[in-house]
Amino acid sequence: MNSQRRSIIVALAAAVLALAPAGTGARPAPREDPVKVECRINPLRLSRGEEGRVVLSISVLEGVVINAQPPFVVEFSPCEELVFPKNFYTASDLGVEVVEENGRERLSLKKPVEIPFTVDLKAKRNVHVLEGRLRYFVTSVKDGWCLKTSTKFSATFSTRLTVIQKGG
């Protein structure tokens, strides 16, 4: 076979593969984020030594579920003003309910997820930003796809110089 004919065959094969659907029965993941996270700090204004909570309201696209396994994880970027008991949190750490539906386990995220923290005693007075991300494995049984991904979130809060004394 001459090289010109071989080049034409390779080009045609590449064109056919480019137009063919990907995989056998595989469907693409959604074009928008399957999970949206709204993050807020409660209370919004904090004193040194005060306890607060990060509140995550998590919504999932219709027809999509977050799998119980592999683990759902909440991670925070370093934030000098806030002290968390742990570096990351799993669904079981946070008490997220696991429900079974059609023989598959999934997370029920109807209630907001709350994560406690304490304001560092050396926190500077200012407006700060807490950033983090949610890592999860999401599935659409109806559309036949699954995806391991993450969603970033952030919230602003302010600190004041007053110190909250514990005990009494």
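The values are calculated or read from the model by the stated rules, or taken from the named source; none is laboratory data. Fair warning: this is a prediction, and the values are worked out from it, not measured in the lab. Every residue, glycine among them, receives a Cβ derived from its backbone with ideal geometry; neighbour counts consider all protein chains shown.
Residues in segment 68-115 that are free of Cβ contacts under 8 Å to residues at least 24 places away in the same chain and β-branched (Val, Ile, Thr) were compared, and the one that is nearest to Leu46 (Cα to Cα) is Thr90.
Scan segment 98-108 and give yes if some residue there is part of a loop (DSSP other than H, G, I, E, B), at pLDDT below 95 and in contact with a Ser or Thr (Cβ under 6 Å, 6 or more places away or on another chain), otherwise no. Within segment 98-108 (the criterion being part of a loop (DSSP other than H, G, I, E, B), at pLDDT below 95 and in contact with a Ser or Thr (Cβ under 6 Å, 6 or more places away or on another chain)), the answer is no, since none of the residues qualifies. The set of residues in segment 38-51 that are surrounded by 19 or more Cβ atoms within 10 Å (Cβ to Cβ) and within 16 Å of Ser154 (Cα to Cα) comprises Cys39, Ile41.
Assess whether Ile58 counts as being touching a residue at least 60 places away in the same chain (Cβ under 8 Å), within 19 Å of Asn42 (Cα to Cα) and either surrounded by 12 or more Cβ atoms within 10 Å (Cβ to Cβ) or not charged (D, E, K, R) (or both). Reasoning before the result, please.
Numbers: touching a residue at least 60 places away in the same chain (Cβ under 8 Å): yes; within 19 Å of Asn42 (Cα to Cα): yes; either surrounded by 12 or more Cβ atoms within 10 Å (Cβ to Cβ) or not charged (D, E, K, R) (or both): yes.
The answer is yes for Ile58.
Restricted to segment 30-92, the set of strands (runs of 3 or more DSSP E) holding at least 1 residues that are over 13 Å from the mean Cα position of the chain (by Cα) comprises 35-42, 45-48, 51-60. So is Glu81 touching a strand residue (DSSP E or B) at 6+ places or on another chain (Cβ under 8 Å), surrounded by 13 or more Cβ atoms within 10 Å (Cβ to Cβ) and of a type in the set (D, E, K, R) or not? Yes, satisfied. Among the residues of this structure, Glu100 counts as one that is loosely packed, with under 13 Cβ neighbours inside 10 Å and either over 19 Å from Pro34 (Cβ atoms) or out of contact with any His (no Cβ under 9 Å at 6 or more places or on another chain) (or both).
Residues that are in contact (Cβ under 8 Å) with a residue 40 or more places away in the chain, more than 14 Å from Ile58 (Cβ to Cβ), basic (Lys, Arg) and touching a Ser or Thr at 6+ places or on another chain (Cβ under 9 Å) occur in segment 123-144; there is at least one.
In segment 98-133, what residues are acidic (Asp, Glu) and farther than 20 Å from Thr151 by Cα?
Within segment 98-133, the subset acidic (Asp, Glu) is 100-101, 105, 114, 120, 131.
If the condition is that a residue be acidic (Asp, Glu) and farther than 20 Å from Thr151 by Cα, then Glu100, Glu101, Glu105, Asp120 are the ones that fit.
What do you reckon, is Glu114 among the acidic types (Asp, Glu) and either more than 20 Å from Val35 (Cβ to Cβ) or modelled with pLDDT under 95 (or both)? Spelling it out, it is not the case that Glu114 is among the acidic types (Asp, Glu) and either more than 20 Å from Val35 (Cβ to Cβ) or modelled with pLDDT under 95 (or both).
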